[in-house]
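What follows is one structure encoded as C-alpha cells, with my remarks underneath.
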Amino acid sequence: MIDRIASVATMIAAVGCGLTAGVMLAFSVAVMPALTNRPASDGGATMQHINVSIVSPIFLTIFLGSALAAGTAATAALVSGSETRVAVTAGALLYIGGCVLVTMSVNVPLNDTLAAVDPSSATGAEVWSNYLTRWTQWNHARTAAAVAACVLLTVAARR
C-alpha cells in the first residue's frame, strides 16, 4: 500500500513540478523580457495585475499541491525503503526548497513591495527597476529547481 502511495504521489508531483516549471520558464523567457522593454509605469502596472491574476485556484492547486505530493512521495519512499527514495527525496527537496520556499521568502515579498507603490511615481520606477533585477534572477533559480525536481521525480516514477 505504501509503495502505491509513493508511486502515485511521485507521478502527481512530477507532473505538477513540470507544469510549475513551464509557468516560471514563460516568465523568464517571455514575460519579464517583454516588461523590461516597456516604460517603468507600464511594466510595473502590468506586473501588478499579473501578480493578482496568478493567485488563482488553478495555479495555487498546482503550485502547492505539487509540494504536498512531493512531500508525500518522499515520505512514503523513505518509509518503504524504495530504491527510488534518493531521487524522490532530492526532487521533493528541490521543489519545496528551491521553488516554494524561494517564492514565499523572495518573490512574494518583492510582489508585495511592488503592489504598494504607484508605478507611475518616481518611487514606483525605482521599485520596478530593483524588482526587475531581483525578481527575475530568483525566478530563474526557482525555474531551474522546478525543472530539476521534475526530472528527478519523472526518473523515479518510471522505475
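The values are calculated or read from the model by the stated rules, or taken from the named source; none is laboratory data. None of the values given here were measured: they were computed from a predicted structure. We place every Cβ from the backbone using ideal geometry, glycine too, and count neighbours over all the protein chains shown. Note: accessible area is taken over every heavy atom of the protein model, side chains too, but ligands, DNA and RNA are not part of it. Shrake-Rupley method; radii C 1.70, N 1.55, O 1.52, S 1.80 Å.
Structure above, values below:
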quantity	calculated
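Residue-wise test of (1) among the basic types (Lys, Arg); (2) surrounded by 19 or more Cβ atoms within 10 Å (Cβ to Cβ); (3) farther than 19 Å from residue 134 by Cβ.
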{"residue": "2", "(1), (2), (3)": "no, no, yes"}
{"residue": "19", "(1), (2), (3)": "no, no, yes"}
{"residue": "27", "(1), (2), (3)": "no, yes, no"}
{"residue": "36", "(1), (2), (3)": "no, no, no"}
{"residue": "50", "(1), (2), (3)": "no, no, no"}
{"residue": "53", "(1), (2), (3)": "no, no, yes"}
{"residue": "68", "(1), (2), (3)": "no, no, yes"}
{"residue": "71", "(1), (2), (3)": "no, no, yes"}
{"residue": "79", "(1), (2), (3)": "no, no, yes"}
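Listed here are the residues, each with its yes/no results for (1) in contact (Cβ under 8 Å) with a residue 12 or more places away in the chain; (2) open to solvent by 40 Å² or more (accessible area, probe 1.4 Å).
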{"position": "118", "(1), (2)": "no, yes"}
{"position": "124", "(1), (2)": "yes, no"}
{"position": "143", "(1), (2)": "yes, no"}
{"position": "152", "(1), (2)": "yes, yes"}
{"position": "156", "(1), (2)": "yes, no"}
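Results for (1) at positive phi; (2) polar (S, T, N, Q); (3) open to solvent by less than 50 Å² (accessible area, probe 1.4 Å); (4) at pLDDT 95 or above, shown as yes or no for each residue.
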{"residue": "83", "(1), (2), (3), (4)": "no, no, no, no"}
{"residue": "92", "(1), (2), (3), (4)": "no, no, yes, yes"}
{"residue": "97", "(1), (2), (3), (4)": "no, no, yes, yes"}
{"residue": "102", "(1), (2), (3), (4)": "no, no, yes, yes"}
{"residue": "107", "(1), (2), (3), (4)": "no, yes, yes, yes"}
{"residue": "113", "(1), (2), (3), (4)": "no, yes, no, yes"}
{"residue": "135", "(1), (2), (3), (4)": "no, no, yes, yes"}
{"residue": "138", "(1), (2), (3), (4)": "no, no, no, yes"}
